[in-house]
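The values are calculated or read from the model by the stated rules, or taken from the named source; none is laboratory data. All values reported here derive from a predicted model rather than from experimental measurement. So basically every Cβ, Gly included, is an ideal-geometry build from the backbone, and we count neighbours across all protein chains shown. With ligands, DNA and RNA removed, areas are computed over all heavy atoms of the protein, side chains included. Shrake-Rupley method; radii C 1.70, N 1.55, O 1.52, S 1.80 Å.
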Amino acid sequence: MAATSFLSPTQRYAAGALFALALHQAQIHQTRLLGSFADDEASDERPSSGSSSDSVSEDPELWVHESSGLLRPVFKFLDIDQAAWLGLEETSGSSPANHHVGAFMRLLSEDSGDNSSERSEQQLALAKAIDSMALSMETNPVAFQSRKEKHREYEHECRQKCSTSDAQENAAAVAIASENSPDTSEYNVQSSSLGTGYKLDRKAVEEGGMLSYQRKVTVLYELLSACLADIRDDDKKVARRRKGYDARHRVTLRLLATWLDIKWREMEAIETMVACSAMAAAREKELKEEEEAQSPKSSWAKWKRGGIIGAAALTGGALMAITGGLAAPAIAAGLSALAPTLGTLIPVIGASGFAAAASAAGTVAGSVAVAASFGAAGAGLTGSKTARRIGDVDEFEFKSVGENQNQGRLAVEILVSGFVFDEDDFVKPWEGQNDNLERYALQWESKHLIAVSTAIQDWLTSRFAMELMKQGAMMTVLSTLLTALAWPATLLAATDFIDSKWTIAINRSDKAGKLLAEVLRKGLQGNRPVTLIGYSLGARVIFKCLQFLAETEQTAELVERVVLLGAPISIRDENWKAARKMVSGRFINAYSTNDWTLGLAFRASMFTQGLAGIQATDYPGVENVDITDLIEGHSSYLWATQDILDRLELDTYYPTFRSPPRI
Amino acid sequence: MEVSSSQPEFDYLFKLLLIGDSGVGKSSLLLSFTSDTFEDLSPTIGVDFKIKYVTVGGKKLKLAIWDTAGQERFRTLTSSYYRGAQGIIMVYDVTRRETFTNLADIWAKEIDLYSTNQDCIKMLVGNKVDKESERVVSKKEGIDFAREYGCLFLECSAKTRINVEQCFEELVLKILETPSLLAEGSAGVKKNIFKQKPPETSAATSSCCSW
């Protein structure tokens, strides 16, 4: 494998080291937000702050520990001398990353004498391929505009349905603001990550400046291939059971991309490319087995005759051989969907470029688990309608959102609504989003959710509530709730009829959470990292899902990111620690301090226990984002999710904001 | 999370660092010390790491020993490993003069530049004394150098194991005599952040993360 790598042994060593450092850093992020710990700067100066009393080898909880099965297979793939593994593990685990990142970056930037010109040519070809892939994945602006337009219409519609007297003027103001807000049709990733106050970040980026762009993407490419390569031993000691793309690996790559100052969409292009070439290889093998001639009309065969894939197979002679037992039909199905992507790719970069790309992905003697990654995808999530019912959940169904299904995307996003007035509200709030994930919306218990949402809305528009609002009472209700002072008895009585429906809905959301956990555990998402986003009761579904996952899972191998919006979750009654542990990347709680609807409905626990949807949680490692300025009332989540998600900049590794800009 | 026993199985943890030119026998010295064996080793890649438990002066010690690559191309890496080391061992080969002269030209400067520990104990070790016939650096020269740079000095052979234990022992004894280093290495000072209670933002939070 060393022969086909685009990097010299020393560079691969450095790449492995950086990966290890990033992996450990990502785990630290789970319990301490990067950039938030105050001693970060100081620790640089303090003598011996780096030495920990424990060595990595004695702490199997660490991601960089051998037993996690996260690091050693990558080292093995990179063909790093086994003697150096322990040193790398200890280095990454025992001292702050910022001590070492710069040094390894420098090592990575150095040219090694032997055949370096050939390698840099290969790197250049690969970089070009990635660029054109990124370009082909770019959403076409017209489509994006029309989606934006649709979203506005939807917003308007919702406002009509949900408007209450006091919201009206606010609404107008926000509408204007949202029109004036800079058009985010470009990816919001950009280079905003540079703005973080995090020292390591800046330092790393400086060091990264010495690296050529080609070198950087090559490193990421090889590391991703290493993450997907299925060459780990079936060692009983290794805690990681699944094949496929581990969420922790994706988080690590995300951090590494930040250090290297590579835009995340480039990384997504790399992901898609690796997926494509792996599937191409799988298809190739399959065709061979079918004795080629059986499907002469498929465009695939045409490409093959054109020598494109053939060249890829010959170059390096190491195209991934996907071993048996994988979901061949799914791959075949996926491939036809991929054809347009590959089709646009090949003319741009030419056959040799693609061959270079493919052999880079194939720099492994073993097989790449991309096919395992896709697994039963497609049929997986959308087909899980028939999934085994748990308890008395009546409805639980995934609906695809966006056009990224079966496009070789290596990450999945599941979106859960929670405050809905009709079935469209499960999907529509999420349609304006512009990212490269394969997206699915979860439709669950619509009957109960619509009932409770309508009940709340009816009450809000009742004369009684109107009266209260006119007196400005509602705005003070929240502070009353928080300080646990006595409520006006009339208010309490009035909410009785919401309560029963609300209780049922809460109960169902807990059960739906369990079902979602089951789905993820079974790998219906195709062993790809999942991003979970939900608002209102949907956020509760996600939180419960994490708690259920924590019962059987040891670590965060399934879920990459979580965003809770206006979540009816008690802060002190629930086990946030367990939930946080299931998420390898960012865990965001977005709250609105004037969401008194939520406070009213969930008041029981709010009195003493706190409520995530209206205030900051206090578990370290959870990002709290105040979105009060975007939310007029609980129903705002229906149409404001888009703006909120834009603000969160989910694609960056760290949040780039401390407090949201006030309008 | 696994709870580590409240009684650590050692009294002090010290971080030691091995530096010196490529091929002087740093890794062999370490291997000889930690596992009583000697074999031909290929050049170290980057850094290696070994743990050794010893009892010196009635104290149970855990030694975390970092073995750095001497090769020029890894020089950039080693600089970050000086940080926080309580003891640094400079190794040269008594049969190769340039490995000795490089100590003054390169390695001593590196220590001054990168070591964060004012009181850190330095030790000079001349390796390969088993090849007495090929010796080009005399013991006297080693002693003079050690005196000039204020370090401990020993000559040893990783192959015959002469003085190998002694050189680590002397270094550690000296560290044990230095109060500031002792304080850093105290087992009570847990630096591993996963073993710490996460920093709380408010006093009332403990109930939510205690189980």
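Name the residue, out of B:95, B:68, B:99, B:78, that is closer than 17 Å to residue B:142 by Cα, open to solvent by less than 20 Å² (accessible area, probe 1.4 Å) and of a type in the set (S, T, N, Q). Before the answer, list the steps.
Working: B:95 fails: open to solvent by less than 20 Å² (accessible area, probe 1.4 Å); B:68 fails: closer than 17 Å to residue B:142 by Cα; B:78 fails: closer than 17 Å to residue B:142 by Cα.
None of the others qualify; the one that does is B:99.
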State whether one or more residues within segment A:593-612 are open to solvent by 10 Å² or more (accessible area, probe 1.4 Å) and among the basic types (Lys, Arg).
yes
Taking the criterion of being in contact (Cβ under 8 Å) with a residue 24 or more places away in the chain, assigned to a strand (DSSP E or B), away from chain A (no Cβ under 11 Å) and touching a helix residue (DSSP H, G or I) at 6+ places or on another chain (Cβ under 9 Å), would at least one residue in segment B:72-88 satisfy it?
yes
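Name the one entry in A:579, A:567, A:604, A:590 that is within 26 Å of the chain's Cα centre (by Cα), assigned to a helix (DSSP H, G or I) and either modelled with pLDDT of 90 or more or more than 14 Å from chain B (Cβ to nearest Cβ) (or both).
Working: A:567 fails: assigned to a helix (DSSP H, G or I); A:604 fails: within 26 Å of the chain's Cα centre (by Cα); A:590 fails: assigned to a helix (DSSP H, G or I).
The match here is A:579.
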Answer from A:134, A:129 - the residue that is outside the structural domain of residue A:227 (by TED's automatic domain parsing), surrounded by fewer than 22 Cβ atoms within 10 Å (Cβ to Cβ) and at pLDDT below 80
A:134
Quick one: in segment B:1-23, which of the residues that are more than 12 Å from chain A (Cβ to nearest Cβ) and in a loop (DSSP other than H, G, I, E, B) is modelled with the lowest pLDDT?
B:6
Quick one: how many residues across segment A:20-34 are free of Cβ contacts under 8 Å to residues at least 12 places away in the same chain and more than 10 Å from chain B (Cβ to nearest Cβ)?
0
Here is a list of conditions, (1) modelled with pLDDT of 90 or more; (2) of a type outside the set (Lys, Arg); (3) open to solvent by less than 10 Å² (accessible area, probe 1.4 Å), and residue A:97 meets all of them except one; can you say which number that is?
(1)
Please enumerate the residues belonging to segment B:161-173 that are out of contact with any Gly (no Cβ under 8 Å at 6 or more places or on another chain), open to solvent by less than 70 Å² (accessible area, probe 1.4 Å) and in contact (Cβ under 8 Å) with a residue 60 or more places away in the chain.
B:164, B:167, B:168
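Okay, residues lined up against (1) outside the structural domain of residue A:618 (by TED's automatic domain parsing); (2) surrounded by fewer than 21 Cβ atoms within 10 Å (Cβ to Cβ); (3) under 25 Å from the mean Cα position of the chain (by Cα); (4) at pLDDT 85 or above:
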{"position": "A:15", "(1), (2), (3), (4)": "yes, no, yes, yes"}
{"position": "A:24", "(1), (2), (3), (4)": "yes, no, yes, yes"}
{"position": "A:28", "(1), (2), (3), (4)": "yes, yes, yes, yes"}
{"position": "A:33", "(1), (2), (3), (4)": "yes, yes, yes, no"}
{"position": "A:39", "(1), (2), (3), (4)": "yes, yes, no, no"}
{"position": "A:70", "(1), (2), (3), (4)": "yes, no, yes, yes"}
{"position": "A:74", "(1), (2), (3), (4)": "yes, no, yes, yes"}
{"position": "A:80", "(1), (2), (3), (4)": "yes, no, no, yes"}
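Condition (residue is more than 27 Å from residue B:184 (Cα to Cα) and open to solvent by 40 Å² or more (accessible area, probe 1.4 Å)) applied to segment B:46-59: is it met by at least one residue? Can you show your working first?
Step one: of segment B:46-59, the residues more than 27 Å from residue B:184 (Cα to Cα) are none.
Among the residues of segment B:46-59, not one is more than 27 Å from residue B:184 (Cα to Cα) and open to solvent by 40 Å² or more (accessible area, probe 1.4 Å), which makes the answer no.
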Among B:62, B:50, B:26, which is more than 10 Å from every other protein chain (Cβ to nearest Cβ) and either at pLDDT 90 or above or under 26 Å from residue B:103 (Cα atoms) (or both)?
B:26
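Scanning for something in a helix (DSSP H, G or I), in contact with a Phe, Trp or Tyr (Cβ under 6 Å, 6 or more places away or on another chain) and either β-branched (Val, Ile, Thr) or assigned by TED's automatic domain parsing to the domain that holds residue A:225 (or both), does segment A:52-61 turn up at least one residue?
Initially, segment A:52-61 is screened for residues in a helix (DSSP H, G or I), giving A:56-58.
Filter once more, keeping what is in contact with a Phe, Trp or Tyr (Cβ under 6 Å, 6 or more places away or on another chain): none.
Within segment A:52-61, none of the residues are in a helix (DSSP H, G or I), in contact with a Phe, Trp or Tyr (Cβ under 6 Å, 6 or more places away or on another chain) and either β-branched (Val, Ile, Thr) or assigned by TED's automatic domain parsing to the domain that holds residue A:225 (or both).
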Inspect all residues belonging to segment A:421-437 and state whether any of them is part of a loop (DSSP other than H, G, I, E, B), open to solvent by 10 Å² or more (accessible area, probe 1.4 Å), at pLDDT below 75 and touching a Leu at 6+ places or on another chain (Cβ under 6 Å).
no
Filter segment A:56-68 down to the residues that are in contact with a helix residue (DSSP H, G or I) (Cβ under 6 Å, 6 or more places away or on another chain) and at the interface with chain B (Cβ under 8 Å from one of its Cβ atoms), then identify the one that is modelled with the highest pLDDT.
A:62
Residue within segment A:506-515 that is open to solvent by less than 40 Å² (accessible area, probe 1.4 Å), outside any helix (DSSP H, G or I) and not hydrophobic (A, V, I, L, M, F, W, C) present:
no
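Is there a residue in segment A:446-453 that is in contact with a strand residue (DSSP E or B) (Cβ under 8 Å, 6 or more places away or on another chain), modelled with pLDDT of 65 or more and open to solvent by less than 10 Å² (accessible area, probe 1.4 Å)? Let's see the steps before the verdict.
So the first thing to find is which residues in segment A:446-453 are in contact with a strand residue (DSSP E or B) (Cβ under 8 Å, 6 or more places away or on another chain), and the list is none.
No, the conditions are met nowhere in segment A:446-453.
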Somewhere in segment A:614-626, is a residue within 16 Å of residue A:415 (Cβ to Cβ) and touching a strand residue (DSSP E or B) at 6+ places or on another chain (Cβ under 8 Å)?
no
